[in-house]
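Just so it is clear, none of the values below were taken in a lab; they were calculated from the coordinates. Because the structure is a prediction, the values reported are computed rather than measured. Here the Cβ is made from the backbone with ideal geometry for all residues, glycine too, and neighbour counts use every protein chain on show.
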Amino acid sequence: MREMKIKPQKGLLVRDPITRTPLSEKGEIKPRNTYWLRRIKDESVIELDKTSKEKVKEKIA
């Protein structure tokens, strides 16, 4: 299964749907499934690998 590294938006508490533990502020590796993709879409969490790639593109431009 594909995975991604995500972290919660600043000031939000986002829980893992299985363990019910809060997502770490530093980020965690989670499966790329519908639950986490919806959290990205509603902007509850940030995908870290994607944002770091965007920052590199901004620096180049």
- Query: Counting other Cβ atoms within 10 Å of each Cβ, which trypsin sites (Lys or Arg not before Pro) in the range 5-48 have at most 11 and sit in a DSSP loop?
  - Reply: K10, R20, K26
- Would you mind checking which residues have amide H under 5 Å from I46's amide H? H placed 1.01 Å from N; only 5 or more apart, or other chain. K7, Q9
- Determine the shape class of the range 2-52: with a ≥ b ≥ c the square roots of the Cα gyration tensor eigenvalues, call it rounded for a/c under 1.5, and otherwise prolate if a/b is greater than b/c, oblate otherwise. rounded
- Query: At T34 and T19, where each label point lies 7 Å from the Cα along Cα→Cβ, what is the point-to-point distance in nanometres?
  - Reply: 2.4 nm
- Give a residue-ordered list of calculated ³J(HN,Hα) values for the range 27-41 (Karplus: 6.51 cos²θ - 1.76 cosθ + 1.60, θ = phi - 60°; whole Hz; x for Gly, Pro). x, 9, 7, 10, x, 7, 10, 4, 4, 6, 5, 5, 5, 5, 5
